[in-house]
Structure formats: structure tokens, C-alpha cells
Amino acid sequence: MTEKQRLLDVLNGKSTDRPPVICPGGMMNAAVTEVVEGMKKNHNSDVDAMVEAAIKVHEITGFENYGVPFCMTIESEPFDVEVDLGSKLVEPRITKYNDDILNHLDEIKVKHSKRALVVLEAISRLKNNEIPVIGNITGPMSVVTSVIEPTDYYKMMRKDKVKAMKFLEVVTDYLIDFANQMIENGADLIAMSDPSATGEILGKKNFEEFMIPMYKKISEAVHRKETKIIIHICGKSKSILESLNKSGADSLSFDSVVGIKEAKEVLKAPIMGNVSTQLLDQGEEEKIKLHTKMVINNGTSIVSPACGLAMSTSVKNLKAMTDTVKK
Amino acid sequence: MTKKELFEEIKNNLIEMEEEVVEELCKKSLEMGIPAKETIQEGLIAGMEVVGQLYEEEEYFLPEVLICSDAMNIGIDVLKPHLEGDVSADKIRAVIGVVEGDTHDIGKNLVKIMLEAGGIEVHDLGRDVVLDEFVNKAKEVDAHFIIMSTLMTTTMEGMKIVIEKLKAQGMRDSVKVAIGGGPISQRFATEIGADLYTKDANEAVRKIKEIHEAA
């Protein structure tokens, strides 16, 4: 059984010999310092380096997938924000918002940034028969709160719903376009992380009103291309678990604060998660092995980190996790 | 309209996120000759207390709290110039910020809102705050508390360093340190010698006031 087959079988609701263990990419990527430190070019912007990093992650950490990109900033680039492209120690991040964009929503022509094209090219080079290639997109709420000041957007959700919804829709349409092209270039599945949409911040009512329609739209588009989608939400998401059943996701991934057993009681789709990233960064190998076993026993269908990995995480610790799953 | 009725109107409109109505009613309170301090306490702060409860009960979330807080601040802007006497002398003064290297500030902003609603004077250093700045600002405003937040494990160490800086400057006894954030725990707080750890904004206000009164 290939790694690709096992992962797709889980997403298709089939039983497998064991859960796959993956680190999708995007917000949850394993291009930690130890993996990328020898590389000459920036794996966040150079296509050869991006491909090399994806392959290296698979080879040395034991995660059973290729995943690109390694940040959450590419989807914001079409909206004219300033991005710092990161280094071997820190991930790329937004350095300047574009608050003015709301005055130009009608005129905006959203098109791929240079790095988006790099991602599509990287996917086409990584395409293969054995190892699943995951195309990662940042969720719509996380993108809008990367383009303008988050508190301004959260307030707009109550004060000017029409504008807030419109902005979210413009972003969602772009994400669908990006995801579709990832699939056309050879991505085997799509993973979307939307940390800013956490139940902790939005609550059930806001989440259902704003996010579920967008997630449904994205999932439907991905499904039209006969491809599966995993959705990850950070934080205490108990309040939105039930709502997530309507998202259209083929698998739902959670942070370590959400108990897998409790999530399984509510969710219909297979669950992915949720090995503590704090443990992976600072813990000892033995504890990581025990914790990974516990996560498996709790019934996760796909083993993965609970959230984004700190770049200081050691490959040794990641291997402790992945080896435990494969034993 | 009686004074009591006006306070009730201000409180309810704040809870209902009606910023403009709150502004109008605060102006009206001045026309009625009501002392600004009373309106702030019985109208605005009373309203924010209910908002805090609604947040704790998971009826209100961040978007709602942010707008209520804006309504409170608009009201305070109207009333502040009319405050009599030096009301700031007996206020608790706090410096707050997100630790150097981290830019996640939503939690910190929520704590700031609740602290201000609780009558505490807050000096907000923002996010990615250079560690020395916590100490410098605390000195400058004669703060009773330094409050630090982070969502990342990789920046937690900075909190310990700030405490060490306070010790080095002989300020550790006069400034209390409160910490919070996703990866923070009571165990970590105890380990680094912080005075207080709380898991959310409402608890922070309660405990900070308790500690201050006990001191």
C-alpha cells in the first residue's frame, strides 16, 4: 500500500491498516530550521528550494506526504500587502496591511502573485504516484485578517455585514481559483487552515453566518474536481464542532485543546490531529511517543501535529512521532 | 428622564452595541448636570460588566465585545473632559503588551478592554514589544502591574527575562507581574516567579484588583 493510497482511503471512508501520519503544509508545515538550514535559496520563494524542502521533509521527518507552500501569506499577496519572506529561522509574515482595500472592492482584479505561480510549478514537479501531494490554502477569515487589521474586520462583521461578507466572498473566490489550479497541476488533495475563524473568537452564530457558506463553497469547488479537502481550525473550537458538519470537509483537523474523543461524538467526517506542538518542540522523545500513542488510541483517523510547528522543533522529535505511528 | 433611567438607557444601549445612542445619552447626562464620574461608573462601566458576563457565558464573542468597548470609549471621550478632581491618583496603573517576537494581540486587546472597563489605567505597548520597554514604561508611569501575553512557546522565555530585568533594577517589589496566553500555565508562572496567571480576561480583572487591594 502506498502512502498516497492509505491517505486517500481514509478520506474516502475506507478502513486502513493504520492511520497515515502527515504534516500537510501551509500553516502546519514541517520545513523547520533543521530541515532547511543547509539550503542556499529561500524555500518560501524559489521553486527549486520549495521542491527540495518538500522532498527533504518527507525524507527525514517521516511525514507521509509532500506539502507546499510553507507559510500563510501567499493568498494575501494579490491584495497588496507587504510581506517579509522569512528566513531559516522564521516563517514569512505580513508586515503591512492594506486597510484601503475596502474602498476598492469593486475594482479589484485579483490575480496570482509570483509566489503563487511558484507554488503551482512546485506542485507540478512534485506530482507522483506514491507520495500524496497536498496543496495548501489559507482559509478566508485568516486571509481577510491578514489584509486588514483583524479587529477592524471583526467589528465590521457586526457593523457592516454587507461589506464584511463581500470582502470574504472576494477572497473565497480567489482561494477556489488557487485550489483548482493546484489540483490541475497535480495536487492529490487540498488542506485549508483557518486559524482566525476559531470558535474562540467568532462563536457559533458568527461562524455559521460567515464561515460555513464560504467553506461549503470551497469544498464544493474542490469536490467538483473529484478531490478531497481537509479543514483545520485552531483553538477551543467546541462551540463550532456541530457547525463544521456542514462545511463539506472530508476530514477535520483540530488543535490539542479539542479532545478527539469528544470531537468524534459530534463530527461525521474522519478526524485528523492532534499531537501537541509544544510537546514536539520542547518535550522528550519518550513523552512524544506516549502522547502519539494516546492520540491514536483516542481514535484519530490521520495523525498530525495539533497546529503549526515551531521552527525550532527537532527532526529527532518529529521522527519519534512518525516512527510511533508506523511501528 | 431621571438620572437612574438615563444610566439604565446608557447601560442597555452599550450592551446592544448602539454607539451613537450611547454618545448622545452621555452628552445628555452633561446637560442634566450629572457628574461625569457617576455616568461613567453607573452607565458605561455597569454596561461593560454585563458585556464581560455575556462573554464569559459565551453569548458574546470578540466581534461583539469590540463594538461594546468602542461604545464605552466614545462615551468616555464625551465625559472625560468633565471629570472633576484628580481621579487617576487612586487608579491601578498597568502596562500591557505582547512579548517580543510575537504579534498575536487579540487576547491582549480583550484583556485591555476588560481592565479599562474595570477602571484600571492601561498603558498599551502593543505587540512584539522589546523586553526593555515593559520595564521602561512601568518606570515612566509608575505602574503597579506589568501584564504580558504570548501565543507562542518560542517567546515565553521573554517573560522570565522581564522579571529578571525588574529585579536588576530594584523594581521587583513595587511592580507585580501578570502573564497569560495560549501556552502559558500556572506552572510556568510559578516557575518564572510571576505574581499572577489567569486564563482569560475576566479572571485577569478580578485577580488584579484582588492582588492590588491585598498589597
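Would a scan of the range B:63-72 turn up a residue that is modelled with pLDDT of 90 or more and away from chain A (no Cβ under 14 Å)? Looking for residues that are modelled with pLDDT of 90 or more and away from chain A (no Cβ under 14 Å), one finds none in the range B:63-72, hence no.
Restricting attention to the range A:48-66, the residues being closer than 22 Å to A:Met272 by Cα and surrounded by 19 or more Cβ atoms within 10 Å (Cβ to Cβ) number 9. Within the range A:201-236, restricting attention to residues that are over 15 Å from A:Gly248 (Cα atoms) and among the small types (Gly, Ala, Ser), the residue that is modelled with the lowest pLDDT is A:Gly235. Restricting the search to helices (runs of 4 or more DSSP H) fully inside the range B:108-215 and requiring at least 1 residues that are of a type in the set (Phe, Trp, Tyr) and surrounded by fewer than 22 Cβ atoms within 10 Å (Cβ to Cβ) gives B:186-192. Scanning the range A:305-323 for residues that are over 12 Å from A:Ser276 (Cα atoms) and away from chain B (no Cβ under 11 Å) gives A:Ser314, A:Val315, A:Lys316, A:Lys319, A:Ala320, A:Thr322, A:Asp323.
Just one of (1) surrounded by fewer than 24 Cβ atoms within 10 Å (Cβ to Cβ); (2) over 26 Å from A:Met165 (Cα atoms); (3) in contact with a helix residue (DSSP H, G or I) (Cβ under 9 Å, 6 or more places away or on another chain) fails for A:Glu209. It is (2). Determine if the range B:106-126 includes at least one residue that is at pLDDT below 95, over 29 Å from A:Glu209 (Cα atoms) and touching a His at 6+ places or on another chain (Cβ under 8 Å). So far as the range B:106-126 goes, no, none of its residues is at pLDDT below 95, over 29 Å from A:Glu209 (Cα atoms) and touching a His at 6+ places or on another chain (Cβ under 8 Å).
What number of residues within the range A:152-204 satisfy the criterion of being surrounded by 19 or more Cβ atoms within 10 Å (Cβ to Cβ), within 14 Å of chain B (Cβ to nearest Cβ) and in a helix (DSSP H, G or I)? So the answer is 15.
Let's see how each residue does on (1) buried (at least 24 other Cβ atoms within 10 Å of the Cβ); (2) free of Cβ contacts under 8 Å to residues at least 40 places away in the same chain; (3) among the hydrophobic types (A, V, I, L, M, F, W, C); (4) assigned to a helix (DSSP H, G or I):
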{"residue": "A:Ile230", "(1), (2), (3), (4)": "yes, no, yes, no"}
{"residue": "A:Lys236", "(1), (2), (3), (4)": "no, yes, no, no"}
{"residue": "A:Ser239", "(1), (2), (3), (4)": "no, no, no, yes"}
{"residue": "A:Glu242", "(1), (2), (3), (4)": "no, yes, no, yes"}
{"residue": "A:Lys246", "(1), (2), (3), (4)": "no, yes, no, no"}
{"residue": "A:Ser256", "(1), (2), (3), (4)": "no, no, no, no"}
{"residue": "A:Lys264", "(1), (2), (3), (4)": "no, yes, no, yes"}
{"residue": "A:Asn274", "(1), (2), (3), (4)": "yes, yes, no, no"}
{"residue": "A:Gln278", "(1), (2), (3), (4)": "no, yes, no, yes"}
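Screening the range B:78-101 for residues that are under 28 Å from B:Asp128 (Cα atoms), modelled with pLDDT of 90 or more and outside any strand (DSSP E or B) and picking the one that is farthest from the other protein chains (Cβ to nearest Cβ) gives B:Ile92.
The values are calculated or read from the model by the stated rules, or taken from the named source; none is laboratory data. Just so it is clear, the model here is predicted, and its values are computed rather than measured. Cβ coordinates were reconstructed from backbone atoms using ideal geometry, including for glycine residues, and neighbour counts include every protein chain displayed.
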